[in-house]
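These notes are about the structure you will find just below.
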Amino acid sequence: QLQRSVKESLDSVLILDNNIGKQRVIVDSLQKEIRSLNSQVTKLNRELKQLQKELEDRKSKYANSLVRLRRHRTVQQKLAFIFSADNFEQIFRRMRYLQEIKNEVAKEMKDVLLEIKAINERQSSLIEKINQSSKDVLRQKIMAIYFKGREHKQISVYDHEALIELYKDYKSQG
């Protein structure tokens, strides 16, 4: 009977050891996935910073275009410029010049506004990816605590508190 009891105990230990090995594989794969997601979040944050820098540059260009347009704004200045010409040919050249400046500034402003819109859309997309990655990381942390508790058939107070906080964060993100 003692041998049978020892054999049953050894079988139980082997089964538990096998289960622990399986759970370790799961936890390891979750940790690897978390590291991968963290590196993706870092990369997306870098891209977001680059886009914010580009947005500032575009805004600066837009402001400069507005300043240039304002400089050539008043009708009186334009008329004075046109009528200060020495002959009709020069008048027409000056009128054409003013029209070209107006068209160029309008084109620059349109281009800058389109670039700003594209950057804003890209930023929104990156922020959404970051939020999704953050939710994935939280979900994986919750699952890791779950499997750890399942392995030991109980959950520590620390893990329970961490689980509650993770769940709150997860729910707050939608």
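The values are calculated or read from the model by the stated rules, or taken from the named source; none is laboratory data. Here the structure is a predicted model, which means the values were calculated and not measured. Here the Cβ positions follow ideal geometry from the backbone for every residue, glycine too, while neighbour counts run over all protein chains shown. These accessible areas exclude ligands, DNA and RNA; they are computed on the full protein's heavy atoms, side chains included. Shrake-Rupley method; radii C 1.70, N 1.55, O 1.52, S 1.80 Å.
From the list 94, 46, 24, the lone residue that is in contact with a helix residue (DSSP H, G or I) (Cβ under 7 Å, 6 or more places away or on another chain) and not hydroxyl-bearing (Ser, Thr, Tyr) is 94.
Screening 41, 25, 6 for residues that are closer than 28 Å to residue 141 by Cβ and exposed (fewer than 12 other Cβ atoms within 10 Å of the Cβ) leaves exactly one candidate, 25.
Here residue 49 clears all of (1) under 19 Å from the mean Cα position of the chain (by Cα); (2) surrounded by 13 or more Cβ atoms within 10 Å (Cβ to Cβ) except the condition numbered (2). Checking each residue in the range 113-128 for being of a type in the set (A, V, I, L, M, F, W, C), under 14 Å from the mean Cα position of the chain (by Cα) and closer than 18 Å to residue 63 by Cβ picks out only 119. For the range 106-142, what are the residues that are more than 20 Å from residue 54 (Cα to Cα) and among the β-branched types (Val, Ile, Thr)? Correct list: 137, 142.
When you check residue 116 against the structure, is it open to solvent by 40 Å² or more (accessible area, probe 1.4 Å) and either in contact with a helix residue (DSSP H, G or I) (Cβ under 6 Å, 6 or more places away or on another chain) or at pLDDT 70 or above (or both), yes or no? Answer is no for this residue.
Against the conditions (1) in contact (Cβ under 8 Å) with a residue 24 or more places away in the chain; (2) out of contact with any helix residue (DSSP H, G or I) (no Cβ under 7 Å at 6 or more places or on another chain); (3) hydroxyl-bearing (Ser, Thr, Tyr), residue 62 satisfies every one except (2). Pairs are defined by a Cβ separation below 6 Å, a sequence spacing of at least 6 or placement on different chains, a first member in the range 30-45 that is assigned to a helix (DSSP H, G or I), and a second member that is charged (D, E, K, R); the pairs so defined are 37/136; 44/129.
Would it be correct to say that residue 81 is modelled with pLDDT of 80 or more, in a helix (DSSP H, G or I) and aromatic (Phe, Trp, Tyr)? Considered against the rule, which asks whether it is modelled with pLDDT of 80 or more, in a helix (DSSP H, G or I) and aromatic (Phe, Trp, Tyr), residue 81 comes out as no.
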